[in-house]
Amino acid sequence: MSGTFVGMPAFPAFPVAAHEAVDNRTLRGNLRHATHTIRAKRAKAVAELSDWDALREAGKQIKDHTLRHLDRYLVQLEESVTAAGGTVHWAADADEANRIVTRLVQETGESEVVKVKSMATQEIGLNEALEEAGIRAYETDLAELIVQLGKDRPSHILVPAIHRNRGEIREIFAREMSEWGRPAPDGLTDTPAELAEAARLHLREKFLRAKVGVSGANFMVAETGTLVVVESEGNGRMCLTLPETLISVVGIEKIVPTWHDLEVFLQTLPRSSTAERMNPYTSTWTGTTDGDGPRTFHLVLLDNGRTDTLADEVGRQALRCIRCSACLNVCPVYERAGGHAYGSVYPGPIGAILSPQLRGTASEIDASLPYASSLCGACYEVCPVAIDIPEVLVHLRERVVEGGPVTREGNKVVLQPAKGHAAERAAMRATRWTFTHPGALRTGQRLASRTRRFHPRTLPGPGRAWTGTRDLPAVPAEPFRDWWQRTNGGKGETK
């Protein structure tokens, strides 16, 4: 394949898409209300744990250790799953993963599947691939159902329909449910209880009829071959237990070495995502068991750019992500632009560093994503596995502007600098030269101080937007070096 797919069609650069989103008052209102509510609840749930910082560091260390030894743990996982009666498939990219899943469904003779909410299957565009093969995939997570019925795209990792309000959801149910199965009840209102009941009735017949289930996983345990899904609604439990065949598509970075390691993440993930002490439904399964659950289990291990990301010593920390979405809920950029502006199934701060690494920075949208941030650092502060997102953003900005060696599809390549950054590169090179030549720096400082009365308060041209909301820093009347020399380090200064 020519490039890694991550669940979105061609999309304009972030500034263009964000500009359109910011003009949508309804969208901004929906996002503001939802993100503020979630992050306030999260802060309260996290404050209950006196050892939160220790748990956060433990999660980071477990993830880093696993990534350093990923080859060993993946082989151990395959052996464990196989010994437990499952079958493991390896998919280098989205196309291969889709072919594998499509073939496995076709071999059952079925033409429909029920799905647990899964970022990995959205990433590879599985629903669309199955549809091309005449197989219909039904999303069973409430928010994913809303997105699917509305012919929409998810805009949040945890709450895919965060951009919709109750009135919009009622209209979608009333208009679309009948085309997918049981229609919405007559006289449906926008009260949460009625909307949830309409979804429950609509989905129940699908749960009872489906012979094939498709899932992702939050974690995979190498020592036992166990997969783990945490969720809040119970739809996942239905998809994982009722079908005769279960197919799980999981990114290779979701692995942890032992059951003991789960202890950390089953405390930090629910608090960071849904602000709960524990998830209402934590489902685990290990291969197949006679008389209990699916009779056939397939695990599709997905790369799709992950080993390329692993090769980057700075960027690889993005693979620690446990998909809690806490970074989205505190990000001032996401709150105003929404998830669709990121042009990826992974929006927000984590998407701004993950998507350009999975796909590369050659496209307009991927070259713009590292700039979709104010670098305020709020995302790092809430991350339960301590991903330094601002550090990776700056690292990727350097890659976009300067180019340089990277790994793409397993091969070492040299990127050319992106177009449109010539002035930025020239400015940075001039700055670097100046700071490495003290005489030039001293002369420039003195010249700036002596001409300070003529300095403009705003910048011309492209700089006008920057100074439209802030003042240019005033140049001091005397350079620091001159002051230091004149006053002998401040000792001879007149008071």
> Restricting the search to segment 373-387, which residues are surrounded by 24 or more Cβ atoms within 10 Å (Cβ to Cβ), in a loop (DSSP other than H, G, I, E, B) and hydrophobic (A, V, I, L, M, F, W, C)?
Replying inline: C383, V385, I387
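Just name the residue that is surrounded by the fewest Cβ atoms within 10 Å (Cβ to Cβ) out of those in segment 78-88 that are part of a helix (DSSP H, G or I) and of a type in the set (G, A, S).
Our first condition is that a residue be part of a helix (DSSP H, G or I); within segment 78-88, this holds for 78-83.
Within this subset, residues satisfying the condition of being of a type in the set (G, A, S) are 80, 83.
On the way: S80: 20, A83: 12.
The selected residue is A83.
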> Out of segment 345-366, which residues are part of a helix (DSSP H, G or I) and either touching a strand residue (DSSP E or B) at 6+ places or on another chain (Cβ under 8 Å) or open to solvent by 20 Å² or more (accessible area, probe 1.4 Å) (or both)?
Replying inline: R359, E364
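Give the residue, chosen from I169, I157, that is open to solvent by less than 50 Å² (accessible area, probe 1.4 Å), within 30 Å of R72 (Cβ to Cβ), among the β-branched types (V, I, T) and in contact (Cβ under 8 Å) with a residue 24 or more places away in the chain.
Only one candidate passes the filter, namely I157.
Residue-by-condition table, conditions (1) part of a helix (DSSP H, G or I); (2) not charged (D, E, K, R):
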position	(1), (2)
S50	no, yes
D71	yes, no
W90	no, yes
D95	yes, no
Q106	yes, yes
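Condition check: free of Cβ contacts under 8 Å to residues at least 24 places away in the same chain and surrounded by fewer than 11 Cβ atoms within 10 Å (Cβ to Cβ). Does P473 satisfy that?
Answer is yes for this residue.
So which residues in segment 259-305 are among the β-branched types (V, I, T), buried (at least 19 other Cβ atoms within 10 Å of the Cβ) and not in a loop (DSSP other than H, G, I, E, B), if there are any at all?
V264, T268, V300
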>> Checking the condition small (G, A, S), in contact (Cβ under 8 Å) with a residue 40 or more places away in the chain and surrounded by fewer than 22 Cβ atoms within 10 Å (Cβ to Cβ), which residue from A137, A129 passes?
In response: A137
> Do the conditions hold for G315, that is, is it under 16 Å from the mean Cα position of the chain (by Cα), open to solvent by less than 30 Å² (accessible area, probe 1.4 Å) and on the phi > 0 side of the Ramachandran plot?
Replying inline: no
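The values are calculated or read from the model by the stated rules, or taken from the named source; none is laboratory data. Keep in mind it's a predicted model, so treat the numbers as computed, not measured. Positions of Cβ are generated from backbone atoms using ideal geometry, with glycine treated the same way; all protein chains shown enter the neighbour counts. Protein only, heavy atoms only, side chains kept; ligands, DNA and RNA dropped before computing areas. Shrake-Rupley method; radii C 1.70, N 1.55, O 1.52, S 1.80 Å.
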